[in-house]
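The values are calculated or read from the model by the stated rules, or taken from the named source; none is laboratory data. Please read these numbers as outputs of a predicted model, since none were measured by experiment. Positions of Cβ are generated from backbone atoms using ideal geometry, with glycine treated the same way; all protein chains shown enter the neighbour counts. Heavy atoms of the whole protein, side chains included, go into the accessibility calculation; ligands, DNA and RNA do not. Shrake-Rupley method; radii C 1.70, N 1.55, O 1.52, S 1.80 Å.
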Amino acid sequence: MKTHFTEDLGRLKRLVADLEEAGLITAPAIMASPVLDRWMPNFRVVSCIEGTVEGHPAHPNRARVKTSQLFALSQAEGESFARTFNQWYRLGSERVR
């Protein structure tokens, strides 16, 4: 399967491992972490895909949706697929701008 990842798989694995162990971390264990001072909540744009969905468990057929964050685009045996934060999508025709 030919795959193009939009995020580094190793970093994602480390993130999952850190989150799975979050309840075991003590304050002394993270005291060597960098300090982020004068911080505030914010947001940034992440990649996603938008299109008309068919067969989605939470959206009616032909609804226009934006996916969660896009992590991978794949091609296998003439078919295209996308992996978002929440699930896989089989991709139909690409919209021409």
- Item | Under the Karplus curve 6.51 cos²θ - 1.76 cosθ + 1.60, θ = phi - 60°, whole-Hz ³J(HN,Hα) for region 22-30, x wherever Gly or Pro sits | 4, x, 9, 7, 10, 3, x, 5, 10
- Message: Could you check the spin-label model distance between W88 and C48? Points 7 Å from the Cα along Cα→Cβ, value in nm.
- Response: 2.2 nm
- Pair E20, R95: separation of 7 Å Cα→Cβ label points (nm): 3.7 nm
- Dipole of region 13-97, positive direction: furthest Cα of V96, A63, V46, with charges on the beta-carbon: V96
- Would you mind calculating the relative contact order of the chain from Cα pairs under 8 angstrom and at least 6 residues apart, reporting the percent as a whole number? 26 percent
- Message: Order R83, R11, R97 by their accessible area, 1.4 angstrom probe, all chains in place, largest first.
- Response: R97, R11, R83
- Query: What accessible area per residue comes out for the chain, rounded to a whole number of Å², with a 1.4 Å probe?
  - Reply: 92 Å²
- Message: Taking all protein chains in place and a 1.4 Å probe, what share, in percent, of the accessible surface of region 51-97 do carbon and sulfur account for?
- Response: 47 percent
- Task: Specify the angular offset, from 0 to 90 degrees and rounded to the nearest 10, of the alpha carbon long axis of helix 9-20 from the longest principal axis of the alpha carbons in the chain.
- Result: 60 degrees
